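To start, the structure under review is shown below, and the notes come after it.
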Amino acid sequence: MFKRLAAASIFSLAAIGLPVAASEVFPQYKALSEAKGKKDRPALLELANALLQDETLSAEEITYVLHRSALHLVRENQFEHAQQRLTQLALHLKDFPDDNLQGKYHWVSGDLSLLLGDNQAAEYHFGQAVVLFTQTQDIRMLSHAHRLLANVLSAKRDYFQAVSHVYQAKDTALKINHTQLFDAALSTEARIYSDFKQFDKALDVLNQKLQVQNDQAQVSQAHLSATYFSLAKIYRNLSDHEAALSAFKKAYELDAQLQDKNYMGISLLQIANQHLELDDITAAQLAVEQALTLFKTVKNSQNIGQAQAMLGQVKLAKQQFDEAITLLKTGLEKISYDKNRQLNEKYSAYLGQALSYTQPARAVALLTPMLDSASSHNTLRILTSLSRAHKHLAHFEQALSYHEQALSHKQILNEQEITARLQAKKLNSELGLKSLEVSELQAGLEEQQQDTKTRTVVLASAIIVLTNFLLLFYLYHLKRRRVMEKETELLNQSLNLKQQLLADVSHELRTPLTVLKLNIEALEYNLTEDPKATYQVLQRRLDMLNTLIADIYELAQADTNNLRLEFETLQASSLFDELLIAIGPIIDVPDIEVSYDNHLQDSLQVECDISRLNQVFNNLARNSVHYTDRPGKIKIRVYQQHHTIVCTFEDSAPGVSSAALGKLFERLYRCDKSRSRDLGGSGLGLSICEKIIELHHGAIEAKHSELGGVFIKFTLPIKLTHT
């Protein structure tokens, strides 16, 4: 209480211009600047300006005031003034050097650079701070510097270096038993793992953080709530919506205990999102309405708008389009495009989707300009809504064009996700080797700070990495030799489906990965005479891996009932005509005669996911084209049989043996050479077709074709209409 009264007196004297001795003011300024809890920064900045005008202030005191006031200016978002104050500090430190304050200068400069979006400058400043705090043995600030440098490196996608620095941030925090610093480092580590799709590692780190917090005698409920919220987001990224819902509810309970109505509302919106993912629309609506009530209590306009817009999203899920349009418009009026472009764009896309059902012309007017600037995920919703709107307007050519763009964009998103997962797996496999380098580097920093010792550590780490690589290379060839020796024996054994799939996937992945490693090593050590040809080999192998992993991922989704279909009722005859048009570029090849017969009545309807049926048509068409000798024939027929629609693909020679015919739908089954996978397929296409048709409650089978090749037949149930 005395300090507060003294500070208030000093502020008052300084404000009215009465002289106050620096010897009296500076100690109070320092105590108030370093006090824990909320600070009156504007008052501290006024006092700092007064102190800097005092000629009796010592050089060390000037350094302190310049540093602290620069930090306060950054926290008050006065970035221009903060940069000016930092320039003053840099000039002052040239005349009065202080390594520790020089480190703090770089630390504040890095923080300012981050806020201004200059990651390159932030990386430089935090790097300099690490060097200087290491020299001065300021362990607390060293942990801060390592952690913030890790954040910058993660934003640059330099994950190995980011993990290295976050490990050092944790290590330095443990040295001084600083729980808050260690907790902050764990949060950064979890975010880094999440950034490069290592969600399992992020979960491990967050669970460790939760354990650390629960072990504390007095744990902050706000920090616990933030940890549960982070856990929920990881579960959401893993599509484990039940676990995400549970974690968001835990965060909400903690926010409720703190009576933080704003955070309670934010947690409720996330809870509503998970209910929507789980198709519990009633629970989602209840959660959003509760959040809206809380936001109105605290008068948070932006969050009120978000809750109203999300309530519109719920109404859209219930197909109450007019109510959805009204709520989305009301919400968007409160969500500023300049302040929160991402949120505004998201709900504008939902508004366009709602309009596409009842006001297609307005939907086209709203969504068309958004295509050029929309994010990748919003683009898919916009294209789908534009296709629907143009269809309602009888602009069928444009509707088909947008539909094809949506399919293409969805495929691109899938490929990007697969590429990201593949990259994440690659990073994960190399992370173990890089951790050796981190461990050696940490040991070197503790024992010796000289450059010669650092070079020795790096060299030792490189030798360890090389030794591990050679060991893995030797083990691979040893394993390959054993597999070759047992190949005859394995051919005579009967393996169940799971064992066969694991063995085949291992074989499919191992060979291209080995080729990739060898070619990368050749490029790294300049052992190849034609780098361009080597890059082409790498590209082909990566394409094969992408195709295989995409197909495996889809089959895994189907096996775990996570392959979701978006069913809609369509006129059957037109549907198959559209599917044929979509595969036109595939079947339009020289020396292949293609015939198509559609005998369906116009009154027949079918309930299906058109994008998945298009995938079936693509796979069957590619198989027929790839595995038919030239000149050849492909015959496609569609007709009604009882209560089903039958579609057949048959092609001319070559065919397959009767024994092989029954195994065509087995995963990664190798047929004879005429139907091998040398043409770039994954060997999973027909298995995927079988799964998709099964999810449509249909059936698919293979027979010998009268044309000399293979006859594929699949059926779909007709949607019965009640009169």
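Could you list, in sequence order, all residues of segment 633-655 that are out of contact with any helix residue (DSSP H, G or I) (no Cβ under 6 Å at 6 or more places or on another chain), assigned to a loop (DSSP other than H, G, I, E, B) and under 12 Å from HIS704 (Cβ atoms)?
Scanning segment 633-655 gives ALA653, GLY655.
Limited to segment 361-372, what total is found for residues that are under 24 Å from GLN308 (Cβ atoms) and touching a residue at least 24 places away in the same chain (Cβ under 8 Å)?
Counting residues in segment 361-372 that are under 24 Å from GLN308 (Cβ atoms) and touching a residue at least 24 places away in the same chain (Cβ under 8 Å) gives 2.
Identify, please: which residue in segment 253-309 is basic (Lys, Arg) and free of Cβ contacts under 8 Å to residues at least 24 places away in the same chain and is, among those, nearest to LEU565 (Cα to Cα)?
Here the answer is LYS296.
Please verify whether segment 208-218 includes one or more residues that are modelled with pLDDT of 80 or more and of a type in the set (Asp, Glu).
no
Take segment 307-328 and flag every residue that is touching a Gly at 6+ places or on another chain (Cβ under 8 Å) and surrounded by fewer than 18 Cβ atoms within 10 Å (Cβ to Cβ).
Passing the criteria: GLU323, THR326.
Looking only at segment 39-63, how many residues end up being under 20 Å from LYS94 (Cα atoms) and crowded, with 21+ Cβ neighbours inside 10 Å?
Residues meeting the conditions: 1.
Failed condition for SER69, given (1) outside any helix (DSSP H, G or I); (2) under 24 Å from ALA48 (Cα atoms); (3) polar (S, T, N, Q), with all others met?
(1)
Do we find a residue being over 22 Å from the mean Cα position of the chain (by Cα) and assigned to a helix (DSSP H, G or I) anywhere in segment 231-238?
No, the conditions are met nowhere in segment 231-238.
Kindly establish whether LEU186 is buried (at least 20 other Cβ atoms within 10 Å of the Cβ), assigned to a helix (DSSP H, G or I), touching a Leu at 6+ places or on another chain (Cβ under 9 Å) and at negative phi.
Spelling it out, LEU186 is indeed buried (at least 20 other Cβ atoms within 10 Å of the Cβ), assigned to a helix (DSSP H, G or I), touching a Leu at 6+ places or on another chain (Cβ under 9 Å) and at negative phi.
The values are calculated or read from the model by the stated rules, or taken from the named source; none is laboratory data. Everything numeric in this text was worked out from a predicted model, so none of it was measured. Glycine also receives a Cβ, built like all others from the backbone with ideal geometry; neighbour counts cover every protein chain displayed.
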